[in-house]
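The values are calculated or read from the model by the stated rules, or taken from the named source; none is laboratory data. This structure is a prediction, so every number in the text was calculated from the model and none was measured. Neighbour counts are summed over all protein chains in view; Cβ atoms, including those assigned to glycine, are modelled from backbone coordinates with ideal geometry.
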Amino acid sequence: MEYSAEKLHEEKVFKDPVHRYVHVRDRAIWDLIGTKEFQRLRRIKQLGTTYLTFHGAEHSRFNHSLGVYEIVRRIVDNVFAGRPEWHEEERLLSLCAALLHDLGHGPFSHSFEKVFDLDHESFTRMIILGDTEVNAVLTRVAEDFPKKVAEVIAKTYSDKLVVSLISSQIDADRMDYLQRDAFFTGVSYGHFDMERILRVMRPTDDQVVFKHSGMHAVEDYIMSRYQMYWQVYFHPVTRSSEVILTKILHRAKYLYEQNYSFKHKPHHFYSLFEENVTVEDYLKLDEAVFLYYFQIWQEEEDSILKDLSCRFLNRNLFKYVEFDPAKEYKKLARLSVLFEKAGIDPEYYLVVDSSSDLPYDFYRPGEEEERLPIHLLSKNGELRELSRESDIVDAISGKRRTDHKLYFPADFIEKGRGDSAITEIAALLEL
Ligand code: NI
């Protein structure tokens, strides 16, 4: 039998707290899950440093990837199967792309990508197309299959219906992470009726659309995105931990460039510092490796690297105040001078962080390139964009609410009381 059509003798199931069970019948899917590149995702947390704010948020990208696969499997097997707009030969491709869509995520990806100027999407592509176990499995399906999977994930694949299953304003990726992140953080937002949404999904030639009668379930999904966005993803404490993590990596890179002699050579980071990371180096990086070095750096000579590493591991985070960069730039410049005077390096200890830098959004029809807006299908076959039909969605869509915060170590300022620069800092920060 052709490998692409090969089924397991018995269905395998993974117990999943969000979808109850994840079902695997296809041999190729089972083999992909067993590759070392996919198993690596167990060692990368889905929400990065969020566990320092919501202690339950320890779930991995492995969990999430299986969840996205399961949602797509339910759509193609239970909703789309037999409909003329759906091309059955795209089934395995859709499942593989769903499973592998986050394969290239690095440890604490958000901060990591920012510091080293990398992007996980290009690593996903390189892992799929490179000399890897994942590539070997995909090539068994067909010679050009790895390329097709990479194209679906990169949103360049010719069948846009398949692309919209994995990336659109309401795709399997988002439906999984919203529910999963809500479950593991324990917040009461983020829940919506996915079963209902799946039931009203319809395939068209170029996208997934939703029967008009399912509008309220879709509204609920948008609201849950909105709530999760502000309550979880943009949480100021999580941002504080990300600021510290980013600064640890900056400092380590800087020291390496200064030929600083580390007590214990950070080999795993060399190619990152030198900006010539290969796929092979990249796959050796996971959060266990990062945390191992942070542990070691707590005993480094360099006081900044040492302090920041201690802060991260022991959750002694920076405090913050609201900050308006347009109006308060003079205050920031003054604070910077005062930090220098007080012997606190502002480069590492006085940080403006903006929520618009974060990779989440709720709903912006048409504004976000590459992501199709949500379309409702009325009885007469007409398609209408969601925010034109729903007052609730219209009220929250398209409004970009950026918020800026200024992060700093309040404990340093507390300890320095009495010093004239510190006194002025405390006054400016209203401490
Ligand atoms: Ni994802």
Looking at residue 251, is it among the basic types (Lys, Arg) and farther than 21 Å from residue 298 by Cα? no
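Yes/no matrix, rows are residues, columns are (1) of a type in the set (Asp, Glu); (2) touching a helix residue (DSSP H, G or I) at 6+ places or on another chain (Cβ under 7 Å); (3) surrounded by 20 or more Cβ atoms within 10 Å (Cβ to Cβ):
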residue: 149; (1), (2), (3): no, yes, yes
residue: 159; (1), (2), (3): yes, yes, no
residue: 178; (1), (2), (3): no, yes, yes
residue: 187; (1), (2), (3): no, yes, no
residue: 196; (1), (2), (3): no, yes, no
residue: 203; (1), (2), (3): no, yes, yes
residue: 210; (1), (2), (3): no, yes, yes
residue: 218; (1), (2), (3): no, yes, yes
Any residue that is assigned to a loop (DSSP other than H, G, I, E, B), modelled with pLDDT under 95 and under 30 Å from residue 154 (Cβ atoms) - is there at least one of those in segment 404-427? no
Filter segment 42-92 down to the residues that are under 17 Å from residue 16 (Cβ atoms) and among the β-branched types (Val, Ile, Thr), then identify the one that is farthest from the ligand (Cβ to nearest atom). 75
How many of the residues in segment 405-427 are under 30 Å from residue 229 (Cα atoms) and surrounded by fewer than 18 Cβ atoms within 10 Å (Cβ to Cβ)? 2
Here are some residues: 103, 41. Which one is closer than 30 Å to residue 204 by Cα and in contact (Cβ under 8 Å) with a residue 24 or more places away in the chain? 103
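Quick one: in segment 157-213, of everything that is of a type in the set (D, E, K, R) and assigned to a loop (DSSP other than H, G, I, E, B), which residue is nearest to the ligand (Cβ to nearest atom)?
Residues of segment 157-213 of a type in the set (D, E, K, R): 159-160, 171, 173-174, 176, 180-181, 193, 195-196, 199, 202, 205-206, 211.
Keeping just the survivors that are assigned to a loop (DSSP other than H, G, I, E, B) gives 159, 171, 193, 205-206.
Details: 159: 20, 171: 9, 193: 21, 205: 25, 206: 22 Å.
In this case the residue turns out to be 171.
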For segment 102-147: of the residues being of a type in the set (S, T, N, Q) and at pLDDT 95 or above, which is farthest from the ligand (Cβ to nearest atom)? 139
